[in-house]
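The values are calculated or read from the model by the stated rules, or taken from the named source; none is laboratory data. Note that this is a predicted model, so its numbers are computed, not measured. Note that each Cβ is placed from the backbone with ideal geometry, even for glycine, and that neighbours are counted across all protein chains shown.
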Amino acid sequence: MKDEKTTTTESSNSMKLWNCLAKTDPNHTKKVDIGRGFTAVDAHWQIQKMTEVFGPIGKGWKWTAEHEIDNGLYFASITVHWKDDEGWYSYGPVTSVYPLARANGKPDDEAPKKCTTDALTKALSHLGVSADVFLGMFDDNKYVENLKKEFATDTRSLKQMLTTLHNFKTVKAVDTWVMNDAKSWSAGVSEEDKTELRDGITIHKQKLREDN
């Protein structure tokens, strides 16, 4: 029988990727007043989020598509692939469908694009991308206001971030800081600063493992 500590660790590991991807920058969302209304997320921001976590598309992650037209409907089926130290993984296909004609009967030239984008957004959501939107958390104004503060431009320098990093005494503390703080800081800085912080994290974690 697994002890409580082992079970908790496994549960935490299972949610690690989801938690990294779940929060959405409100600046890349908009309210859509159709039907009961919903929050739409900028698909390109979701692509950026995947790139932040896995690296450049085509190298650390990618998506593949299958398209079909049937009886005036356009079908797009998306499969998402991502990579970690153990190899490639995939999820899908996730399918969306759009009519090829508008309500007035005229052709909708944007149907393939809209259908593909919708399928990609839905597929990424299964990994946790913008989970807070899909879970209805954007209906809570307080939650959204807190997110706006979190995603506001971070003025801390690389030197300040490295100083904070070196104050952590355990690998777990570093991982928690990376997930809750360092990732959001990295979104607004240069690639050079991102790389230097990433290298600093790797070196510091290695040192902590050796010391323990």
Q: With respect to K23, determine if the residue is basic (K, R), modelled with pLDDT of 95 or more and not in a helix (DSSP H, G or I).
A: no
**Q.** Condition broken by T121, with the remaining ones in (1) in a helix (DSSP H, G or I); (2) touching a Lys or Arg at 6+ places or on another chain (Cβ under 9 Å) satisfied
**A.** (2)
Q. Does at least one position in segment 79-87 carry a residue that is buried (at least 16 other Cβ atoms within 10 Å of the Cβ), more than 18 Å from I47 (Cβ to Cβ), in contact with a Leu (Cβ under 8 Å, 6 or more places away or on another chain) and at pLDDT 95 or above?
A. no
Q: From D154, D109, grab the single residue that is in a loop (DSSP other than H, G, I, E, B), crowded, with 16+ Cβ neighbours inside 10 Å and charged (D, E, K, R).
A: D154
Q.
Just to check your reading of the model, which residue among L147, L120 is aliphatic (A, V, I, L, M) and closer than 20 Å to N19 by Cβ?
A. L147
Q: Quick one: in segment 28-43, of everything that is under 16 Å from M137 (Cβ atoms) and not basic (K, R), which residue is surrounded by the fewest Cβ atoms within 10 Å (Cβ to Cβ)?
A: G37
Q: Within segment 131-148, identify whether any single residue is part of a loop (DSSP other than H, G, I, E, B), closer than 17 Å to D70 by Cα and hydrophobic (A, V, I, L, M, F, W, C), and answer yes or no.
A: no
**Q.** Selection count where residues are out of contact with any Lys or Arg (no Cβ under 6 Å at 6 or more places or on another chain) and not in a strand (DSSP E or B), scope segment 35-72
**A.** 22
Q | Residues of segment 67-122 satisfying the condition of being in contact (Cβ under 8 Å) with a residue 24 or more places away in the chain and at positive phi | A | G72, G92
